[in-house]
Amino acid sequence: MNRFWKRLQYTKWFNISKDGIFKENPIVVAVLGICSALAVTNRVENAIAMGLAVMFVVTASSLVVSAIRNFIPSRVRMITYMVIISSFVILVQMFLEAFFPVIAASLGAYLGLIVTNCIVMGRAEAFAVKNPLKYTFFDGVANSLGYMWILIAVAFFREILAFGTLLNFRVMPDTWVNWTVMALAPGGFFVLALIIWGVREWAKYFDVAAE
């Protein structure tokens with residue numbers, strides 16, 4: 001088992017995935033996507049929807065950029081990224097509005113603002129334009145998962161404390177007094193700060209244990 005684990009650690013796709021989800025987590029380490037992390041995490045279902053939407057946009061746009069990277073002129077690469085990303089964002093918006101209108105309404109303008117999410121543009125510029133499709137796929141999925149699990153973790157605590165529910169199912173007793181602040185951005189900021197602190201402290205311990 002130890003031999004398998006050591007061999008796995010030397011594979012590029014494994015390290016790309018590990019970095020995206022934990023070591024270089026977009027929110028915890030790079031501190032990107034904070035606005036959406038505070039705005040849409042008042043309920044778990046919203047966090048899941050936003051996470052999946054970002055995953056689709058990041059992965060799909062990165063794959064397209066990687067596929068045509070040799071044909072993108074350097075001076076117009078940012079505009080090219082923006083056109084590709086916005087096309088996939090429009091597809092996501094149309095899909096949610098058609099099949100999940102309530103969630104689309106809850107996400108509101110933040111769904112369209114995926115276009116300006118630094119995570120999406122960052123993966124295209126930092127990785128996709130320099131790497132082949134197979135590695136770009138793992139990078140897109142890993143960074144999206146890193147973003148999504150933080151959103152879900154924040155929403156988990158916020159929804160329970162703010163509404164006494166989890167995925168709209170009552171989990172707290174009827175006598176529970178809702179923490180209104182947790183439904184607002186300041187409450188989200190407080191929970192997010194604690195999660196970032198906890199993950200970073202755990203990462204230090206993990207690095208020491210791994211040596």
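Overview of results
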| item | result |
| --- | --- |
| Count of the range 85-140 residues which are in contact with a Gly (Cβ under 8 Å, 6 or more places away or on another chain), of a type outside the set (S, T, N, Q) and within 29 Å of Leu184 (Cβ to Cβ) | 3 |
| Residue match in the range 42-54 (condition: free of Cβ contacts under 8 Å to residues at least 60 places away in the same chain and crowded, with 20+ Cβ neighbours inside 10 Å) | yes |
| In the range 14-23, the residues that are surrounded by fewer than 18 Cβ atoms within 10 Å (Cβ to Cβ) and in contact (Cβ under 8 Å) with a residue 60 or more places away in the chain | Lys18, Asp19, Lys23 |
| Checklist (1) loosely packed, with under 14 Cβ neighbours inside 10 Å; (2) within 13 Å of Arg43 (Cα to Cα); (3) free of Cβ contacts under 8 Å to residues at least 60 places away in the same chain applied to Asn168, failing item | (3) |
| Condition met for Ser74 (polar (S, T, N, Q) and modelled with pLDDT under 90) | yes |
| Residues of the range 86-123 that turn out to be within 19 Å of Ala67 (Cβ to Cβ), among the hydrophobic types (A, V, I, L, M, F, W, C) and over 15 Å from the mean Cα position of the chain (by Cα), as a count | 2 |
| Among (1) assigned to a helix (DSSP H, G or I); (2) at pLDDT 80 or above; (3) within 25 Å of Ala104 (Cα to Cα), the one test that Ile27 misses | (1) |
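The values are calculated or read from the model by the stated rules, or taken from the named source; none is laboratory data. These numbers come from a predicted model, not from an experiment. Note that each Cβ is placed from the backbone with ideal geometry, even for glycine, and that neighbours are counted across all protein chains shown.
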